[in-house]
1. Taking a 1.4 Å probe, which of Ile271, Ile111 shows the most accessible area, and what order do the others take after it?
2. Please report the accessible area of Thr227 (heavy atoms, 1.4 Å probe, ligands and nucleic acids excluded) in Å², nearest 10.
3. Between Asp126 and Asp148, take the C-beta separation as r, use R0 = 45 Å, and let me know the FRET efficiency to the nearest 0.05.
4. So for the pair Arg173, Arg280, with labels modelled 7 Å out along Cα→Cβ, what separation do we get in nm?
5. Could you do me a favour and compute the accessible area per residue for the range 68-156, 1.4 Å probe, result in Å²?
6. Which of the residue pairs Lys119/Lys228; Lys228/Lys255; Lys119/Lys234; Lys143/Lys234 have a Cα-Cα distance greater than 28 Å in the structure shown?
7. Convert each backbone phi in the range 142-153 into a coupling constant with the Karplus relation 6.51 cos²θ - 1.76 cosθ + 1.60 (shift: θ = phi - 60°), then list the ³J(HN,Hα) values in order as whole Hz, x for Gly and Pro.
8. Provide Ser97, Ser182, Ser224 ordered by accessible surface of protein heavy atoms (probe 1.4 Å), highest first.
Amino acid sequence: AAPGRPSPVFDLFSACRSALGIDLCCGCMDDVKAVKHTATPPSGPALALRVAHAPLVESGGARIGPFGVGDDVAITDLQSLRALEPLGWRYARAASSSASHFPKGSPRCGIAHNFWRAKVVSSDGDGGFEEHWCLLSSAENPKNRTVDVAQAAAEDAAAVAGYAQAFNAQTARLHNDEEGGSHDADSVVGVRVCVPVVCFAIGGHASQVARPGQAVTLSLYPFSQVTKFVFEGKEEFTELAQAFFHFTAWHSGGKEVVADVQGFEDEDGDIVIVDPFVIRPKPINIGELVGTILPGGEQQQETPSPEQLRFDALAPEVRPAVQGLRPKQAERELQEALRPRRAELRARRRVNGPSPIPVVVATWV
């Protein structure tokens, strides 16, 4: 919109306020009881956003909203829920301890964010409107509400969605081989990553969330709570989430670790991941490369990488069995260590019916 003039999105949704008052989205009374604060605009949307960046990902590992670059959307309801507070634990850990596996210097850990459940209204392309419950995130400090910070979150989610695509495809192949059928990455019970779009505010009265020109992320996430599946190694064991965590470490050759697997297990059995964080090795500079050799020609003792330390912390059940072993020997020892769990999972499958989940756990954990 031109300076001094309201965005067309205000006129668009002002003309349809009566329609917007009808809640056609998912939700229940339990969601309302958990609300600490609800921003209900007296007129016009709480926020008007324009989509600036939308990552391209394959659908087999992602949940993608119907929002494209250049689209204008309106946030008609913002809810701050206690059940979403686990999304902020990563930032709290990074700020509270120098020994945390969540590096404070990373913008994905060191820049605190706030999260809201948001009702989003957008055009349906046929002259009408459609509503979606989404997760909106903005940096706590207004100075950090930049496109670069928001885009880092979108890039992490897109990378994890790529792993999810490969994981689901492998799960489908294993399931088809063992149980029969014609599952693929889209149809098999698996992992879906909510990949956000990056938006900048163009108006609205919820200035505590974002002012015009500031960037936020918007993910299609209809659930009103978040569960930590893999975070500090002390979470309740969830088969599918743990299998995916180990698969990503294997698939990346140990170079990347998905360090914060969080979200919701939906009614279909899918693990829906939101706001994941990927630990990656830092690029090696010339000084570090030269410094790996001591003056006497002796090589310095290798220190564990952040990726290895993080994996060790999150895989306490299997790490002792493979500590210090070569890859092939470690694989044999790992299979032996997991033999009791594999038998347990196969017995459970005989009771509960065919499921692709135990096959993947036995193969990749």
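1. Values: Ile271 0, Ile111 30 Å².
Descending order: Ile111, Ile271.
2. The accessible area of Thr227 comes to roughly 60 Å².
3. Values: r = 35 Å, r/R0 = 0.79.
The formula returns an efficiency of 0.80 here.
4. Once both label points are built, they end up 2.5 nm from each other.
5. Values: 3730 Å² over 89 residues.
Accessible area per residue, the range 68-156: 42 Å².
6. Values: Lys119/Lys228 24 Å; Lys228/Lys255 23 Å; Lys119/Lys234 33 Å; Lys143/Lys234 34 Å.
With Cα atoms farther than 28 Å apart: Lys119/Lys234; Lys143/Lys234.
7. Those phi angles translate into x, 5, 9, 7, 10, 5, 4, 5, 5, 5, 4, 5 Hz.
8. Details: Ser97 50, Ser182 110, Ser224 20 Å².
Solvent-accessible surface, decreasing: Ser182, Ser97, Ser224.
The values are calculated or read from the model by the stated rules, or taken from the named source; none is laboratory data. Predicted model only: the values in this text are computed from it and were never measured. Because the Cβ atoms are built from the backbone with ideal geometry, glycine has one as well, and the counts that use them run over all protein chains shown. What goes into the accessible areas is simple: the full protein's heavy atoms, side chains included, and nothing from ligands, DNA or RNA. Shrake-Rupley method; radii C 1.70, N 1.55, O 1.52, S 1.80 Å.
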